[in-house]
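Each remark here refers to the structure printed beneath this line.
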Amino acid sequence: MIGWEAVDMGDGMAGASRLDARLRAVRAELVRLGLDAFVVTHLPHLFYLANVRASAGMLVVTPADAQLLVDFRYRTVAAELVAAGAVPSGLRRVDVDGSYEETLRRVASDAGWERIGVEADHLSVRRWQWLEGALRAAIAATVGLVERLRMRKDDHEIAVLRAAGERLGPVTARVLDRVGVGCTERELAAQIEAALRDAGFERPAFEAIVAGGPNSALPHAQPTGRRLVAGDLVVLDFGGMHHGYCVDLSRTVCVGRAGAEARRLHGAVHAAQAAALAAIRPGIHASDVDAAARDVLAGHGLAEAFGHSTGHGLGIEVHEAPRVGRRRVEGEAAAADAEDPLLAPGMVFTVEPGVYLPGVGGVRIEDDVLVTEDGHELLTRVPRELRVC
């Protein structure tokens, strides 16, 4: 199955100009790395660079042009998109005869490229070995070339993510109205999916997490047939895809009544998230946001109950760079670590501290934020106080 969608810049200009800017950034990297060509195989990157949402395809970028390799299933629609100007300027369609690998070999041989970059994080060992044997060129591994560009969203992406974040408000209100004694986790998960679609999302960004009572202590619990009972903490974690971009939200509620322990845990997580949000500004490391949340939970005696990262990047994928977690390397090396970048305007990520006590329950509060010139903008504006349903 394949979907195609033209980029709407929202200012009357052709979407191709925005895609052209992205390809110019990639080409600058090719020059810096001394590459004759760069083979894009990660499907989200095809959407980012060429406006192609597909289940198969390759994009080959050179300092001079770009070629989209598509098989029989997509030729007609690809031709229509090219004719409509909904792809980068000058993009050429190359029909795949046989396999994508064989077509790439032919294209590379005809061009006489000597050094070809591939996406190391998205290429299987088997495919790598085939390319090394089949292409008459040196194969160079690139890491994070497109991911680094995707970390800072452009105006179009920000507008889409803002609109998607706003849509989560009524979805959340509808879902919380359905929470009550006797509901099963699976029933609530189905309600979430229906609410997302009714709100205009293309589809859920991931399978919703609905975890009540002791199940709420499992950070990635799958919904079960368990019925909610009075006093349960219930973690609700869901998101939607809007025009190809993902948003993500978590809230934790109590069923029937909120006991002292539930209030204690929720209060600690609420304070931790507030501290993390207050820390966000350009120029600090992503790990500093994580540390702000972690310090608050440690002060509540809950350091060991918080085992995951404070957040993750959002965009075309529901989990992308930057990672907002502990600094993995101490000292100067950490500053250069691509996994712990300095925050910059245009970055979008979640802030979702949580605590999980096996046999008792858990709490997670998650929102999506955009880094701005002087701080952050909250993209998901849903009440964060503890609600009793």
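On the basis of being open to solvent by 50 Å² or more (accessible area, probe 1.4 Å), farther than 23 Å from Tyr245 by Cα and assigned to a helix (DSSP H, G or I), does Arg93 make the cut? Break it down stepwise before answering.
On the way: open to solvent by 50 Å² or more (accessible area, probe 1.4 Å): yes; farther than 23 Å from Tyr245 by Cα: yes; assigned to a helix (DSSP H, G or I): no.
The answer is no for Arg93.
Output the number of the condition that Glu119 fails; it satisfies all remaining conditions of (1) at pLDDT below 95; (2) charged (D, E, K, R); (3) under 27 Å from the mean Cα position of the chain (by Cα); (4) within 21 Å of Leu23 (Cα to Cα).
Of everything listed in (1) at pLDDT below 95; (2) charged (D, E, K, R); (3) under 27 Å from the mean Cα position of the chain (by Cα); (4) within 21 Å of Leu23 (Cα to Cα), Glu119 misses just condition (1).
Check off (1) over 25 Å from Arg364 (Cα atoms); (2) in contact with an Asp or Glu (Cβ under 8 Å, 6 or more places away or on another chain) for Gly165 and give me the number that stays unchecked.
Of the numbered conditions (1) over 25 Å from Arg364 (Cα atoms); (2) in contact with an Asp or Glu (Cβ under 8 Å, 6 or more places away or on another chain), the odd one out for Gly165 is (1).
Taking the condition of being over 22 Å from Ser55 (Cα atoms) and of a type in the set (Asp, Glu), how many residues in the range 76-117 meet it?
Of the residues in the range 76-117, 2 are over 22 Å from Ser55 (Cα atoms) and of a type in the set (Asp, Glu).
Just one of Thr103, Thr142, Thr172 is of a type in the set (S, T, N, Q), under 30 Å from Leu378 (Cβ atoms) and touching a Leu at 6+ places or on another chain (Cβ under 8 Å); which is it?
Working: Thr103 fails: under 30 Å from Leu378 (Cβ atoms); Thr142 fails: under 30 Å from Leu378 (Cβ atoms).
Matching residue, one of Thr103, Thr142, Thr172: Thr172.
Any residue at all in the range 100-116 that is closer than 30 Å to Met347 by Cα and among the small types (Gly, Ala, Ser)?
First pass over the range 100-116, keeping only residues closer than 30 Å to Met347 by Cα: 116.
Checking which are among the small types (Gly, Ala, Ser) leaves us with none.
Checking the range 100-116: not a single residue is closer than 30 Å to Met347 by Cα and among the small types (Gly, Ala, Ser).
Residues are listed down the side, and each one gets a yes or a no for (1) surrounded by 22 or more Cβ atoms within 10 Å (Cβ to Cβ); (2) of a type in the set (Ser, Thr, Tyr); (3) under 22 Å from the mean Cα position of the chain (by Cα); (4) farther than 26 Å from Ala321 by Cβ:
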{"residue": "Pro214", "(1), (2), (3), (4)": "no, no, no, yes"}
{"residue": "Pro219", "(1), (2), (3), (4)": "no, no, yes, no"}
{"residue": "Gly244", "(1), (2), (3), (4)": "no, no, yes, no"}
{"residue": "Val247", "(1), (2), (3), (4)": "yes, no, yes, no"}
{"residue": "Gly267", "(1), (2), (3), (4)": "no, no, no, yes"}
{"residue": "His270", "(1), (2), (3), (4)": "no, no, no, yes"}
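Give me the pairs: first residue in the range 114-139 and more than 19 Å from Asp36 (Cβ to Cβ), second residue open to solvent by 50 Å² or more (accessible area, probe 1.4 Å), beta-carbon distance under 8 Å, and six or more apart or on different chains, which are they?
Asp121/Val143
Return the pair list, or none, for Cβ contacts closer than 8 Å from residues in the range 290-311 that are among the hydroxyl-bearing types (Ser, Thr, Tyr) to residues that are assigned to a loop (DSSP other than H, G, I, E, B), at least 6 apart or on different chains.
Ser309/Gly325; Ser309/Arg326; Thr310/Gly325; Thr310/Glu352; Thr310/Pro353
Can we say Gly240 is open to solvent by less than 10 Å² (accessible area, probe 1.4 Å), under 23 Å from Val318 (Cα atoms) and in contact with a Cys (Cβ under 9 Å, 6 or more places away or on another chain)?
yes
Name the residue that is farthest from Gln273 (Cα to Cα), counting only residues in the range 335-375 that are in a loop (DSSP other than H, G, I, E, B) and open to solvent by 60 Å² or more (accessible area, probe 1.4 Å). Walk me through how you get there before you give the answer.
Initially, the range 335-375 is screened for residues in a loop (DSSP other than H, G, I, E, B), giving 336-341, 343-346, 352-353, 358-360, 365, 372-375.
Still in the list and also open to solvent by 60 Å² or more (accessible area, probe 1.4 Å): 336, 338-339, 358-360, 373-374.
On the way: Ala336: 26, Ala338: 24, Glu339: 21, Pro358: 22, Gly359: 24, Val360: 21, Glu373: 21, Asp374: 19 Å.
Filtering the range 335-375 for residues that are in a loop (DSSP other than H, G, I, E, B) and open to solvent by 60 Å² or more (accessible area, probe 1.4 Å), the one farthest from Gln273 (Cα to Cα) comes out as Ala336.
Is it the case that some residue within the range 376-383 is open to solvent by less than 40 Å² (accessible area, probe 1.4 Å) and in a strand (DSSP E or B)?
Yes, there is a match, as at least one residue in the range 376-383 is open to solvent by less than 40 Å² (accessible area, probe 1.4 Å) and in a strand (DSSP E or B).
Could you give me the residue pairs with C-beta distances under 6 Å whose first residue belongs to the range 164-175 and is over 10 Å from Ala195 (Cα atoms), whose second residue is among the polar types (S, T, N, Q) wherever it lies, and which are 6+ apart or on separate chains?
From residues that are over 10 Å from Ala195 (Cα atoms), the pairs are Gly165/Thr380.
Using the structure shown, decide if Gly90 is under 24 Å from Leu145 (Cβ atoms), in contact (Cβ under 8 Å) with a residue 60 or more places away in the chain and not hydroxyl-bearing (Ser, Thr, Tyr).
Working: under 24 Å from Leu145 (Cβ atoms): yes; in contact (Cβ under 8 Å) with a residue 60 or more places away in the chain: no; not hydroxyl-bearing (Ser, Thr, Tyr): yes.
Against the criterion (under 24 Å from Leu145 (Cβ atoms), in contact (Cβ under 8 Å) with a residue 60 or more places away in the chain and not hydroxyl-bearing (Ser, Thr, Tyr)), Gly90 does not qualify.
List pairs: first in the range 251-265 and touching a residue at least 40 places away in the same chain (Cβ under 8 Å), second hydroxyl-bearing (Ser, Thr, Tyr), Cβ under 9 Å, 6+ apart or cross-chain?
Arg251/Thr172; Thr252/Ser216; Ala262/Thr252; Leu265/Thr252
Scan (1) farther than 20 Å from Val143 by Cβ; (2) open to solvent by less than 40 Å² (accessible area, probe 1.4 Å); (3) not in a loop (DSSP other than H, G, I, E, B); (4) not polar (S, T, N, Q) for the single condition Val82 breaks and write down its number.
Single failed check for Val82: (2).
Note down all Cβ pairs under 8 Å where the first residue falls in the range 198-212 and is at pLDDT 95 or above, the second is of a type in the set (S, T, N, Q), and they're at least six residues apart or on different chains.
From residues that are at pLDDT 95 or above, the pairs are Glu207/Gln222; Ile209/Gln222; Ile209/Ser250.
The values are calculated or read from the model by the stated rules, or taken from the named source; none is laboratory data. Because the structure is predicted, anything quoted here is derived from the model rather than measured. All Cβ positions, even for glycine, are placed from backbone atoms using ideal geometry, and neighbour counts span all protein chains on display. With ligands, DNA and RNA removed, areas are computed over all heavy atoms of the protein, side chains included. Shrake-Rupley method; radii C 1.70, N 1.55, O 1.52, S 1.80 Å.
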